[in-house]
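Worksheet: the structure to be examined is printed underneath.
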Amino acid sequence: MKLWGGRFKKETSGLMEDFHSSIGFDCRMYREDITGSIAHAQMLGKQGIIPQEDAEKIVRGLKEILIDIEAGKIEFSAQAEDIHMNIENLLTQRIGEAGKRLHTGRSRNDQVALDIRMYQRRRIKRLIELLKALEEVILKIARAHLETIMPGYTHLQKAQPITLAHHAMAYFQMFARDIERLKDCYKRTNICPLGSGALAGTTYPLDREYTARLLDFPEITQNSLDGVSDRDFLIECAACCSIIMMHLSRWCEELILWSSNEFGFVEMDDAFSTGSSIMPQKKNPDACELIRGKTGRVYGDLNALLSIMKSLPLAYNKDMQEDKEAIFDAVDTVEGCLEVFTRMLETVTFNIQKMHLGAGMGFTNATDAADYLVKKGLPFREAHEIIGRMVLLCLDKKCSISQLSMQELKALSPVFEKDFYDAVSLQICVEQRLTPGGPSKNAVAQQIAWAENFLKQC
């Protein structure tokens, strides 16, 4: 039974029914649809808009339908178009005329806006939980590697020595901001649109605030047109998802590089690697590569949502049916990637020796050598020039800065003394960087303490 057939003389084409139907994907919102309908029926009964007896029948019927859906006893129909009409048809079949009263004072426009907001609230909470689990793994790595020296890079060129803990905590900050963005997005999602009707509210004396309270919404939408016609909260969530994926992809790119023979900084666990069908020696970081690839997919979902909404006049348009698959896919993808990445990161083996060796190559202590001269009284630009010439000398001799003789150092500048060798040791280079946010052991310990407090407050 269609809920809108009274005005039509002809049956809908079967081709159109298939094209028009959204039940294939919006069925995942069945719980939210039923929960929202229960609250709506309770409000209708309380306000005397429908008989209290009918309201109670509706509530009982909806609860029974929910049980049957979750037990796998119900098969949805494409002819009923969407989850809303499927549920209402089932309800009417079970309880009779009372079921026809459920839609009083409500449109599918505000109904679907309610469902997707409720559904999205749940998914955002799950994303935050997954990010917090990842953050815990990052903290575990940081605590274990406060003294693990590695090269830091700019332009993918070795730049300065840091620690693995310092590097890991950089990603903690990125994912912490992702959590904050999701929490902020949740606030704008957590607003109840029910009562907006098709676009202009209703003449029935609805108690919108009561319905909102039943559904755990702290507030209602303030304009009925806006309540049914915008999906900016979905776009915002997709943007949050895209940024999360960008952060995951960046770390995956590094882990892919670090797992190569050229770096050798990490070894991926067998459980999160694959081999080659022809090259028996291969161990491929496929989990990282898939996450890197799926990042583009989530970006596409964001662009799809933006493109759907960009030219829509107020209020509701059928185009907006297309919002669900995009946001469902974005969130599904991010959840899957976070789960895999977290488990994979837990199992990664870090090659401490190779990291330390890598930091000792590429003149990562050159800046500290320049700072040494500055502390001896030379202007920084003059010190920079001298150390540049020192690096050229080392390249010619195929040696490191610390391997130059005192005679060679004096030839570059008379201010060099024996304490220079201590000043450019990797450990000293790291430990002298005591400024907040830096790589020294104490500075990273402060970052970890901040991070622990952050997670407690999430």
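Listed conditions (1) touching an Asp or Glu at 6+ places or on another chain (Cβ under 7 Å); (2) at pLDDT 95 or above are all met by SER21, apart from (2).
Of all residues in segment 201-217, how many are in a loop (DSSP other than H, G, I, E, B) and touching a helix residue (DSSP H, G or I) at 6+ places or on another chain (Cβ under 6 Å)?
Initial filter on segment 201-217 (in a loop (DSSP other than H, G, I, E, B)): 201-207, 215-217.
Restricting the remaining residues to those that are touching a helix residue (DSSP H, G or I) at 6+ places or on another chain (Cβ under 6 Å) gives 201, 207, 215.
Adding up the residues that qualify gives 3.
Among the numbered conditions (1) under 30 Å from ILE235 (Cβ atoms); (2) among the charged types (D, E, K, R); (3) part of a loop (DSSP other than H, G, I, E, B), the only one that ARG250 does not meet is (3).
Looking only at segment 299-332, filter to residues that are among the hydroxyl-bearing types (Ser, Thr, Tyr) and either surrounded by 15 or more Cβ atoms within 10 Å (Cβ to Cβ) or not assigned by TED's automatic domain parsing to the domain that holds SER242 (or both); which one of those is nearest to LEU130 (Cα to Cα)?
Going residue by residue through segment 299-332, those that are among the hydroxyl-bearing types (Ser, Thr, Tyr) are 299, 307, 311, 316.
This time we only want the ones that are either surrounded by 15 or more Cβ atoms within 10 Å (Cβ to Cβ) or not assigned by TED's automatic domain parsing to the domain that holds SER242 (or both), so: 299, 316.
Details: TYR299: 20, TYR316: 34 Å.
Applying the filter and picking the extreme gives TYR299.
Considering segment 444-454, the residues that are out of contact with any His (no Cβ under 6 Å at 6 or more places or on another chain) and either in a loop (DSSP other than H, G, I, E, B) or among the hydrophobic types (A, V, I, L, M, F, W, C) (or both) include one that is farthest from ALA366 (Cα to Cα), namely PHE454. Would you point out the residue of segment 50-86, among those that are among the hydrophobic types (A, V, I, L, M, F, W, C) and more than 19 Å from THR35 (Cα to Cα), that is surrounded by the fewest Cβ atoms within 10 Å (Cβ to Cβ)? Looking at residues that are among the hydrophobic types (A, V, I, L, M, F, W, C) and more than 19 Å from THR35 (Cα to Cα), I get ALA78.
Please work out if GLY195 is assigned to a loop (DSSP other than H, G, I, E, B), out of contact with any strand residue (DSSP E or B) (no Cβ under 9 Å at 6 or more places or on another chain) and over 30 Å from HIS247 (Cβ atoms). Taking the combined requirement at face value, the residue does not satisfy it.
Here segment 159-209 is the region considered, the condition is being within 19 Å of LEU338 (Cα to Cα) and of a type in the set (Lys, Arg), and the residue that is surrounded by the most Cβ atoms within 10 Å (Cβ to Cβ) is ARG181.
For segment 444-458, the tally of residues that are hydrophobic (A, V, I, L, M, F, W, C) and either in contact with a strand residue (DSSP E or B) (Cβ under 7 Å, 6 or more places away or on another chain) or under 18 Å from ILE162 (Cα atoms) (or both) stands at 3. Inspect all residues belonging to segment 336-351 and state whether any of them is among the aromatic types (Phe, Trp, Tyr), touching a Cys at 6+ places or on another chain (Cβ under 9 Å) and at pLDDT 95 or above. Scanning segment 336-351, I find at least one residue that is among the aromatic types (Phe, Trp, Tyr), touching a Cys at 6+ places or on another chain (Cβ under 9 Å) and at pLDDT 95 or above, so the answer is yes.
Which condition number in (1) in contact (Cβ under 8 Å) with a residue 40 or more places away in the chain; (2) in contact with a Pro (Cβ under 9 Å, 6 or more places away or on another chain); (3) buried (at least 17 other Cβ atoms within 10 Å of the Cβ) is the one that ARG121 fails? It is condition (2) that ARG121 fails. Looking only at segment 269-284, which residues are surrounded by 11 or more Cβ atoms within 10 Å (Cβ to Cβ), out of contact with any helix residue (DSSP H, G or I) (no Cβ under 7 Å at 6 or more places or on another chain) and part of a loop (DSSP other than H, G, I, E, B)? Selection gives GLY275, LYS282, LYS283.
Rundown of residues vs (1) crowded, with 23+ Cβ neighbours inside 10 Å; (2) among the basic types (Lys, Arg), yes/no style:
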site: ARG94; (1), (2): no, yes
site: LYS100; (1), (2): no, yes
site: HIS103; (1), (2): no, no
site: ILE116; (1), (2): yes, no
site: VAL137; (1), (2): no, no
site: LYS140; (1), (2): no, yes
site: HIS145; (1), (2): no, no
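Filtering segment 70-114 to residues that are without any contact (Cβ under 8 Å) to a residue 12 or more places away in the chain, in a loop (DSSP other than H, G, I, E, B) and touching a helix residue (DSSP H, G or I) at 6+ places or on another chain (Cβ under 7 Å) leaves nothing. At least 2 residues being closer than 28 Å to THR163 by Cβ is the threshold, and among the helices (runs of 4 or more DSSP H) wholly inside segment 378-443 those reaching it are 380-397, 419-423, 426-431.
If you check ARG188, ARG213 for being touching a residue at least 24 places away in the same chain (Cβ under 8 Å), assigned by TED's automatic domain parsing to the domain that holds ARG117 and under 30 Å from GLN47 (Cα atoms), only one passes: ARG188.
The values are calculated or read from the model by the stated rules, or taken from the named source; none is laboratory data. Here the structure is a predicted model, which means the values were calculated and not measured. For neighbour counting, all protein chains shown are included, and Cβ atoms are generated from backbone atoms with ideal geometry for every residue, glycine included.
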